1. Considering each of B:Thr259, B:Thr234 in turn, give the residue that is more than 9 Å from chain C (Cβ to nearest Cβ) and among the hydroxyl-bearing types (Ser, Thr, Tyr).
2. Out of curiosity, is D:Gln63 part of a helix (DSSP H, G or I) and farther than 29 Å from D:Glu326 by Cα?
3. Of the numbered conditions (1) touching a residue at least 24 places away in the same chain (Cβ under 8 Å); (2) at the interface with another protein chain (Cβ under 9 Å from one of its Cβ atoms), D:Thr294 satisfies every one except a single condition; which is it?
4. Could you grab me the full set of residues in the range A:99-122 that are in a helix (DSSP H, G or I), under 15 Å from A:Ser81 (Cβ atoms) and open to solvent by 60 Å² or more (accessible area, probe 1.4 Å)?
5. Just to verify a result, which residue in the range C:30-45, among those that are outside any loop (DSSP other than H, G, I, E, B) and surrounded by 21 or more Cβ atoms within 10 Å (Cβ to Cβ), is nearest to the other protein chains (Cβ to nearest Cβ)?
6. Within the range A:2-20, how many residues turn out to be touching a strand residue (DSSP E or B) at 6+ places or on another chain (Cβ under 7 Å), on the phi < 0 side of the Ramachandran plot and open to solvent by 10 Å² or more (accessible area, probe 1.4 Å)?
7. Quickly run through the range C:82-125 and pick out the residues that are without any contact (Cβ under 8 Å) to a residue 24 or more places away in the chain and farther than 25 Å from C:Ala183 by Cα.
Number of protein chains: 4
Amino acid sequence: MIRVGIVGATGYGARELIRLLGLHPEVQVVAVVSESAPGKRLDEVLPAFRKSTDLVCEAFDAQALAKRCDAVFVGVPGGKSMAYGAALRGTGVRVLDLGPDFRLKDAARWQQYYKVEHQSPQLLKDAVYGLVPIHREAIRKASLVAVPGCYPITVILPLRPLLDTIASNIPVVADSISGVSGAGRSLNEAYHFPEMNENLKAYRLGVHQHIPEIEQGLDNRVMVQFTPHVAPLTRGILTTITVRIKTEVNVADRLRCYTSEPFVRVFPSGELPEVKYVRASNCCDIGWVMDQRTGNLVMVCAIDNLMGGTAGMAVQCLNLMFGLDERTGLNYGGMAP
Amino acid sequence: MIRVGIVGATGYGARELIRLLGLHPEVQVVAVVSESAPGKRLDEVLPAFRKSTDLVCEAFDAQALAKRCDAVFVGVPGGKSMAYGAALRGTGVRVLDLGPDFRLKDAARWQQYYKVEHQSPQLLKDAVYGLVPIHREAIRKASLVAVPGCYPITVILPLRPLLDTIASNIPVVADSISGVSGAGRSLNEAYHFPEMNENLKAYRLGVHQHIPEIEQGLDNRVMVQFTPHVAPLTRGILTTITVRIKTEVNVADRLRCYTSEPFVRVFPSGELPEVKYVRASNCCDIGWVMDQRTGNLVMVCAIDNLMGGTAGMAVQCLNLMFGLDERTGLNYGGMAP
Amino acid sequence: MIRVGIVGATGYGARELIRLLGLHPEVQVVAVVSESAPGKRLDEVLPAFRKSTDLVCEAFDAQALAKRCDAVFVGVPGGKSMAYGAALRGTGVRVLDLGPDFRLKDAARWQQYYKVEHQSPQLLKDAVYGLVPIHREAIRKASLVAVPGCYPITVILPLRPLLDTIASNIPVVADSISGVSGAGRSLNEAYHFPEMNENLKAYRLGVHQHIPEIEQGLDNRVMVQFTPHVAPLTRGILTTITVRIKTEVNVADRLRCYTSEPFVRVFPSGELPEVKYVRASNCCDIGWVMDQRTGNLVMVCAIDNLMGGTAGMAVQCLNLMFGLDERTGLNYGGMAP
Amino acid sequence: MIRVGIVGATGYGARELIRLLGLHPEVQVVAVVSESAPGKRLDEVLPAFRKSTDLVCEAFDAQALAKRCDAVFVGVPGGKSMAYGAALRGTGVRVLDLGPDFRLKDAARWQQYYKVEHQSPQLLKDAVYGLVPIHREAIRKASLVAVPGCYPITVILPLRPLLDTIASNIPVVADSISGVSGAGRSLNEAYHFPEMNENLKAYRLGVHQHIPEIEQGLDNRVMVQFTPHVAPLTRGILTTITVRIKTEVNVADRLRCYTSEPFVRVFPSGELPEVKYVRASNCCDIGWVMDQRTGNLVMVCAIDNLMGGTAGMAVQCLNLMFGLDERTGLNYGGMAP
């Protein structure tokens, strides 16, 4: 039994992790850390977990966690997890960070987009980017995993197999639509139900913090014009990517690299992913159309931001780190409806 | 490994069952029957299941199913499952019917509400009503289980422990609000997205087919004024029950009968269930307020209609029928958000 | 041209009022008061009004308003409007209060439910309850109108014509379902989009502040067991009322009292109101079923809480107060879809 | 008083038109044609209009309509309105077609995208494209107006003032997100509430019928990679346009051409349109960001597809055709919430 701890237990990513691990046959959650509710039963803070857990929230203590845990997940807002990560690293326990603090290799670029100085730049080179289909072998041996951001997954996975065919002088256009849970649980008038229901909006044009992560995931070989949008649903991301192709390419062939990936599903030409097919699953669905008229390749990618985009991907990393079949505890289809 | 078949595999209840059983460590789905898509791969009809199943839909053949299966779930619309149930019963295989055809003991009352004659009235006395907290022992030995209706669960479980204290001359009022998946996948202008989104409605006042099932579940000792409503969400039922109490009663004491139930969660006084706490879980949450001013007891009950209200309850029955821990494959909290 | 001012201009009720009055041929909004944004253009605070208004928010000044306005609407949270109302009354300007502060005749009962002492109890007897179909003549002459609460409208209008036939010893059961805009624009975790979407809940059982208003509107002749619920939509209320009838009554006949009401629409027996029929309109739709089996009358009533439940009703009052045809500026059907 | 008729009265566009015209001070709807409900009261088919109309649906008769009407709106599905339009044109009555049949000048291109032969190609040159800000003067004199498609409005209006600065060898990327009402009221499993709620999808990549209309509206000077998406809301379109600029341009200056447009609202740099600001209004909101890093201009445009995208734009055309102030009956802000 792998014993894990979860820091930031009441955030949306961590909640999903706790739910998922409740059915994982080889993992036991032995500690939950919540700075806002230390001493409270977890199911008092989150009634959804009544009768499924007896855990009590505790304050953060790296040494105490390390003693009881084989691995610790950290799920706190960007800018705050680097301190937790650094403290936990000192104990030797394996760390999986759900946040953005260890995802970039370049601390200067991190600071440019996150607007604060990075406190532990020396850890950036140790951290393994936990995008399983690309970094599987490194993840097996990693002691610090940076679980990828939800938007970047939906741009990097479709494009990577095609990188050499993309016209590098024209930015790739990636327009993503996200459910509101992606904004987390902090209150904000923009996400008050009557403001967001029946609404659609774009935000952070040209300055979104996932831009350097996306471009790094594409080896910084192309610029990406990334525009995120929010729509009135709770979970899910759908990203539409428009690319100019410089040389003819057999897209289906290229995407065959994902055939044996357990959770990447490439759709037959003419069929397109939808959020409902991936909801509450760890899947990442990819479809595409080559538009002969315009000469563009248009790709569509769907994930559940809290599952395949956060907690599911994190569990897949954990499975790899501890030598389990990577599908363990994740092996189901989308929840539709 | 328990081998199961599922008849009516593309309906909403069966889909959820297939999803759930994907993670059940002791059950394998070996056959899926779909009259509308025989010969097609299940994941072609339901892309949500790509890479999680290789099953191919087949036409119904009771003997063939019985040879390969230890148990068969039937998930077809009301009025249609009795024929499947009767055919399967002839083979000796154990049957769990998700529909209403075997839920009532009284064929005449069935006909009165369902408006067609019952074709297999002789099976009604054999069928065990699969409401686990009430009929656990009978379900263990059952060969034909009628999985309860979603609305009835939310009225019967809160009220049964209080039956002797209810004024029998005044109908209990049960106003339920349901998500739209309860209406199934048949197209209907009323449930076309632009018609149902941002809408609320009541329907089938005084004639809903769950009325006799609710009253039977309460031993026909009280009349129930049951009014179902539909709200713009996909999953979930919230039922508010108003009861006149004839003798003083300690409600908390009475509801303690559910303390050891794995999936019935009674809330402390002053806290109320919400659909989000039970979403995608097998839980049935119960809260209540005794209104001293009016002399009424008001109870609130929440379930996920497709899980605790259908597929989850069915799996819990299956676990009991095959001697497993009844929590197997079901042991997680609500998905919130 | 009737010149009006609006105090509390950025709240949901006032926004709707401003939108409505934009098309009213006989009214001009000449002043908007916002304590949170004095000096700002209204369309800067509320971009929905760009190019439809040049109004600039101002701080509250009763004398200044009275000089420029024939009538002032006050749309601020409960407990806060009595001070505005009292100040405005001192100037002689006519006042329409959208909040609850002047709705009850009994200050003690107000305090019991609102939990603060009433500061202007002497105004309660002057205030006219602005439920047009019941108090039309008094409203014409009123100088202080308390626009009714949204929930009370949906209980009082269906029941009043039947009051003498209702069994007075058994509380009427009124289960209401509301859209989230009814909770106003104050941030609250319960109404954060990912928490409320796909959710259903009941709240304030037995203690909701609209209970005394409902019972007063029924001449305090019956007790009402009022349970409000919230569903994931923005606008609309659907109320289901269950009543025990003590003497046989021709319900259709009784409801004929509303035949000439411009905005009360009684449905033929067997047809039921839905929120979509009243959305963005001033209508109040009433349907009913007499359940012979149980002896109960079940009524269903729908309004748009921001229109027929607030701003529309307020404009209808204004029309009456200034001698206009009461349909002026309100004469359209529901927005469906 | 301008007397108008409406053909196809039960479709979503026509319903909105009827609702709007109910408040128009200079227009009276004198005839509604519904092939599916001739002889029925309109408010029986559409209960939202009870007490706001006494109209009775009639069968189509061009001569009879022309006698009673000054103008006729036609709101029927694509491919079906050309026959109505041709018949009405023969009578001399002025026609406003809400559908796509008269929008393209090139019958061959129409056929290529709509997959049926055009029956009245000779009318295409007479028809005036009813995009008011671009064709205002022609609309005043038009006898046949083709009201623009909802998606095209959101691409043409932002881009036209910048046409000469766009790199013509790189397709413009327009990713639109639409509410479900855009798909009309025909039943379709894809838009069954439980299938579409909490879902996102792209559709008709590279072959959507609005592509030639968009490119014609841009004088066929650029290719447009148009990808439409559907999100779980009823009304509204948000379009994000990514353009490569070939010469430096002052975007704010260029968009000043819309300063005196009553319903086109250009946002200050750094502020972005949202669907909630235009909901239920005739406005078209435009925002933009010049991304110095990528060299792209990103524009965002929002409309209410049934209002500014259909019925509102149609009424604005009617106002122009009959010499009224074009804001008549349309002069209000967005409905938020």
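1. On the way: B:Thr234 fails: more than 9 Å from chain C (Cβ to nearest Cβ).
Going through B:Thr259, B:Thr234 in turn, just one is more than 9 Å from chain C (Cβ to nearest Cβ) and among the hydroxyl-bearing types (Ser, Thr, Tyr): B:Thr259.
2. Details: part of a helix (DSSP H, G or I): yes; farther than 29 Å from D:Glu326 by Cα: no.
In short, no.
3. Among (1) touching a residue at least 24 places away in the same chain (Cβ under 8 Å); (2) at the interface with another protein chain (Cβ under 9 Å from one of its Cβ atoms), D:Thr294 violates only (1).
4. The one that is in a helix (DSSP H, G or I), under 15 Å from A:Ser81 (Cβ atoms) and open to solvent by 60 Å² or more (accessible area, probe 1.4 Å): A:Pro121.
5. Quick first cut of the range C:30-45, residues outside any loop (DSSP other than H, G, I, E, B) only: C:30-33, C:41-45.
Checking the rest, the ones that are also surrounded by 21 or more Cβ atoms within 10 Å (Cβ to Cβ) come to C:31-33, C:42.
Details: C:Ala31: 17, C:Val32: 13, C:Val33: 18, C:Leu42: 9 Å.
Selected residue: C:Leu42.
6. Our first condition is that a residue be touching a strand residue (DSSP E or B) at 6+ places or on another chain (Cβ under 7 Å); within the range A:2-20, this holds for A:2-9, A:14, A:17-18.
When the remaining residues are screened for being on the phi < 0 side of the Ramachandran plot, the result is A:2-7, A:9, A:14, A:17-18.
Right, trim to open to solvent by 10 Å² or more (accessible area, probe 1.4 Å) and you get A:2-3, A:18.
Selection size over the range A:2-20: 3.
7. Residues of the range C:82-125 without any contact (Cβ under 8 Å) to a residue 24 or more places away in the chain: C:107-108, C:111, C:115, C:117, C:121-122, C:124-125.
Matches in the range C:82-125: C:Pro121, C:Gln122, C:Lys125.
Residue by residue, here is whether (1) over 21 Å from D:Gly8 (Cα atoms); (2) among the aromatic types (Phe, Trp, Tyr) holds:
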| site | (1), (2) |
| --- | --- |
| D:Val93 | no, no |
| D:Phe102 | no, yes |
| D:Asp106 | yes, no |
| D:Trp110 | yes, yes |
| D:Tyr114 | no, yes |
| D:Tyr129 | no, yes |
| D:Pro133 | yes, no |
| D:Ala146 | no, no |
| D:Thr154 | yes, no |
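The values are calculated or read from the model by the stated rules, or taken from the named source; none is laboratory data. For clarity, every value in this text was computed on a predicted model and none was experimentally measured. Positions of Cβ are backbone-derived with ideal geometry, glycine not excepted, and every protein chain shown enters the neighbour counts. Side chains are part of the model used for accessible areas, which takes the heavy atoms of the whole protein and leaves out ligands, DNA and RNA. Shrake-Rupley method; radii C 1.70, N 1.55, O 1.52, S 1.80 Å.
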